[in-house]
Structure formats: C-alpha cells, structure tokens
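Contents: one structure, followed by commentary.
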Amino acid sequence: MGMKQKPWKRFKGWVTKQIASTMKASIGLSYRREDEGWRKLTKDPDRNLQSATQDRMIDIAFWLWETNPLARWIIEIIKDFILADGLPFQAENEKVQQLLEDFWYDSVNRMDLYMEKHVRELHIFGELIFPAFIAEQTGKLRLGYIDPKQMEKVVTDPENVKMTIGVILKGDASTPVRQYKTILPEEADYVLSQSAKQLRNDYTDGDCFFFAINNVTNSPRGRSEILATSDWLDAYEQFLFDYTNIWPALNSFVWDLLVEGGDAGKIKEELEKITKKSGGVFGHNEKVTLKAENPDLKSQDAETGARLLRNHILGAHGIPSFWYGGGEDANRALGVEMGAPAFKMMSSKQRYFKYILESIFDAVIEKALAANYLKVSEKEAYDYVINLPELTSKDIAKNSTAIQQVTASLLTAQQQGWIDKDNAGEVFAFILSMIGFELDYEAIKDKIAEEENTKGYEDYMSIGGNL
C-alpha cells in the first residue's frame, strides 16, 4: 500500500509546484500555502468599471444629454414621470411635518428646486453624492452636492458587499484625498462587520449619502441611464445630420438657355438680356448640353433606417416610439398595450426615488430626535408617507362598467347561494382596490353591526321594552 502512495505524493507535489510557478509568473505574486482560501481586504472583487472608464462614461453621458435631443428627452421624460407636483411627503404628526418642511424649504437645501436637478443627475451620471452637514444643537441637516467624477472609490463592507460604508474622493497636489462615511440606518450598526467598523473609523472627513442606479449588488458604483445606448444615440444623430446635408442639393437648380447656332459672343449677348432670377443661368448652343440629374435619395429607405435606429434606442429603455413623436401608426388600443413596459420601468425608478427620500427623511428625523429638537415618540416620528404621482390615468368609464358588471354578478351569485354576503363584500372591496380605492370591509361590517344593534334596541324601546 505504501509503495502505491509514493508516486501519487510525488505527482501531487509536482502539480503543486507547477501551479505555484504559474501563479507567480502570470500574476506576479508569491505563492504561500497559508494564503489558500483567503483574500486580501484590499482586493477589489466588485464589478465596477475601471476608474478611467467610469469618468469617460460620465463625460459622454453628460455630453449626450447636453447635445443629443433624443438622449436629453429620455432623461427628461424619466425625470418628469418620477417627480410629483408639490410636497412629496405627508406626516401624521404636525411637528414631524413641520420638521420635514423646514428641511425641504431650507435656504441651503431648497429641495423644491434642486430635487428635479438631482433626479436628472442621477440618471445622467448613475450616482448621487450628498455630503451632509449636521448642526449639533438642533440636529438640523443640510445637504451639499459632489460631482461623481470626483469620486475615486465606493467602499463596501469587506464581509457584506450590500453595505456601502464609505466614499473616497480623488486628491491632487492641491487637494488632499477625502474620505466620507456614508449615513446608514441605526440598525446597520448591528450587521456591520468589525473590519467595516474599523474602516469607517478612518473616514473622518464627514458624512454623506450615496445612491446609485443601474448596477448589480457587487458593483456599488452606478451606471448612466444612457450608457448602453450611447453609441446608438450618437449614430442616430449622425444619421440625421448626414441626411440633412443632402437637402440643399435638392433645392439647387440652373436656368438652361439654348441659342441655336450661336457662337460665344451671341450666347454672351443673350445671357445679358436675361433678367436676373434666383439660381444660375447656363448659356450654350446645340453642341453643348448641361443636364441636371435628379438624385434618387431613397427617402423612404432613409425614413425606415431612422425609425429602425430610433426604435432600437427607445426599446432599450422600454419606451414606445409614439411617445417620441412617432404617432402615425398608433391608436388607443396600441398605446395601452405598448405603454405597459414603460410604466413598469418608471414604476421601478419611482421605488428607488422613494427609497432615496426615505433614507434622507429618516436621517433628518433621527438627528432631530437625537438632539432633542423633535420631541415626539419614535412611532409618531417615522409615521409619514411618500407621495408619488400616478403613472397612468384611469379610464373612469371603463372602470364604472366593470364595477357594475361585477356587482350584478355578485348579487346573482348571492341569490343563488354560491357565495355569502361577507365574501361578496370582500370581492367588491378587492375590485375597488384595483382602481385605486381602498375599502376597509371589516370596518364597514363592524359599523353595520353596530347600527343594527342600535336600531334593534330603539325598536325594542319603542314598543314598550322598558316596562
């Protein structure tokens, strides 16, 4: 048995040496057995773009938004669907409502003006960084803004990439590297690893909020909304620009003057008699011919090509083409069906916007409570809602017809004994919830029962029940 093991051990040792040699040559690292199964905390395991590539993406996305009409429209239509008119929040407690309004309309924050810009910036750059300045006495919170191109790295918990613990900004000869600690909920302290807590202790340049979109869990840095379509947006713009340059040729023409048997002098004489008109005049005899060729620009093919490019771009964003002025083939039924993907996409973006507001408002309330500036119970303090605009307008006529039909069906089913009164009421409440009206059927049942008991007691008293 021992004789059979030796060749295997020698082979295993040879394989180990070969692996170590290969790793050392290709990676430039020394191989040590004690390193097996471990990774350095400084190793970058995420799926972020390279720093130079990230900066390039930011520049390109901003340039497209600034100069490309379709790119600009995509960003703006998303922004307009996300934002609500007026205050996007409502708190039950008056003191909490006043606190949030003071934050919203603060002379520095001016969220009523800047939130629109911030939503736009989020979708252009894919990221938002708000340095937070907190007054110690009142807990009052004010927000600044940092361009994402100034960011060097987003740091996550080494043991849990879902937790973003800090943001490191670039430095140069005149500006030192700055390290911000991200503002996290109080509960986050219980799930952060010890190594993450140690790292956060080194981030002493201030607190900040960091938000990112279009990324995956293992990629804390965000992506621009138009990153995937940037080349196509540029190609579409170039296509239209090249096609536009052809149109002057179509408007060019020349007057043809034929002088039978005329020599150069005669032709010149006749040319001088011509009253000046728009366009040029070409004079010649029968021996010289100037023929204008009408260029076949295949305008129908150009329109098809433009539509193909435009649909490819808009389809990538879930937006139907008739939203961007292409309504020649659209009708109401088509609009309802093709709008569904866009509304789903917008709904997803609304949820993230709601998360952004909740993260900021929770911090505003938390800091005010900690400073004893807000004196309410914790339950009351966080009892607020975020108001977001409805993405689709409801068809009242269609919904009314559906409710009438369902109501009639429920009455028939109840008369036939197929369903009881309580179940019919629950189904009716469910139908109303589908059009946006929440009916508390249990509360209605209790109220009906109370009224019936009261009426029964009054009837009993009216017939002498008190005797």
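The values are calculated or read from the model by the stated rules, or taken from the named source; none is laboratory data. The shown structure was predicted, so the numbers you read here are calculated from the model rather than taken from an experiment. Glycine also receives a Cβ, built like all others from the backbone with ideal geometry; neighbour counts cover every protein chain displayed.
Just one of (1) under 15 Å from Glu358 (Cα atoms); (2) out of contact with any Phe, Trp or Tyr (no Cβ under 9 Å at 6 or more places or on another chain) fails for Asp102. It is (1). Checking each residue of the range 86-108 against the condition of being among the aromatic types (Phe, Trp, Tyr) and within 19 Å of the chain's Cα centre (by Cα) gives no match. Applying the criterion of being assigned to a helix (DSSP H, G or I) and of a type in the set (A, V, I, L, M) to the residues of the range 244-263, the residue that is modelled with the lowest pLDDT is Leu250.
Yes or no: Arg142 modelled with pLDDT of 90 or more, in a strand (DSSP E or B) and charged (D, E, K, R)? Answer is yes for this residue. May I ask you to verify whether Lys379 is exposed (fewer than 12 other Cβ atoms within 10 Å of the Cβ), among the charged types (D, E, K, R) and modelled with pLDDT of 85 or more? Spelling it out, Lys379 is indeed exposed (fewer than 12 other Cβ atoms within 10 Å of the Cβ), among the charged types (D, E, K, R) and modelled with pLDDT of 85 or more.
Residues that are aromatic (Phe, Trp, Tyr), on the phi < 0 side of the Ramachandran plot and touching a strand residue (DSSP E or B) at 6+ places or on another chain (Cβ under 6 Å): does the range 45-62 have at least one? Can you show your working first?
Keep residues of the range 45-62 that are aromatic (Phe, Trp, Tyr), which gives 62.
Still in the list and also on the phi < 0 side of the Ramachandran plot: 62.
Add one more test, that the residue is touching a strand residue (DSSP E or B) at 6+ places or on another chain (Cβ under 6 Å), and what stays is none.
No.
Identify all residues within the range 48-79 that are outside any helix (DSSP H, G or I) and closer than 18 Å to Phe239 by Cβ; write none if there are none. Residue satisfying the conditions is Asn68 alone.
Looking at this structure, is Ala135 surrounded by fewer than 18 Cβ atoms within 10 Å (Cβ to Cβ), over 19 Å from Thr204 (Cβ atoms) and among the hydrophobic types (A, V, I, L, M, F, W, C)? Against the criterion (surrounded by fewer than 18 Cβ atoms within 10 Å (Cβ to Cβ), over 19 Å from Thr204 (Cβ atoms) and among the hydrophobic types (A, V, I, L, M, F, W, C)), Ala135 does not qualify.
Yes/no matrix, rows are residues, columns are (1) among the polar types (S, T, N, Q); (2) at pLDDT 90 or above; (3) in a loop (DSSP other than H, G, I, E, B):
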{"position": "Lys197", "(1), (2), (3)": "no, yes, no"}
{"position": "Asn215", "(1), (2), (3)": "yes, yes, yes"}
{"position": "Arg223", "(1), (2), (3)": "no, yes, yes"}
{"position": "Leu227", "(1), (2), (3)": "no, yes, yes"}
{"position": "Asp231", "(1), (2), (3)": "no, yes, no"}
{"position": "Asp234", "(1), (2), (3)": "no, yes, no"}
{"position": "Glu237", "(1), (2), (3)": "no, yes, no"}
{"position": "Asp242", "(1), (2), (3)": "no, no, no"}
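Look through the range 154-190, keep the residues that are outside any strand (DSSP E or B) and among the hydroxyl-bearing types (Ser, Thr, Tyr), and return whichever of them is surrounded by the most Cβ atoms within 10 Å (Cβ to Cβ). Per the stated criteria, the residue is Thr175.
Determine whether His118 is in contact (Cβ under 8 Å) with a residue 24 or more places away in the chain, in a helix (DSSP H, G or I) and surrounded by fewer than 22 Cβ atoms within 10 Å (Cβ to Cβ).
yes
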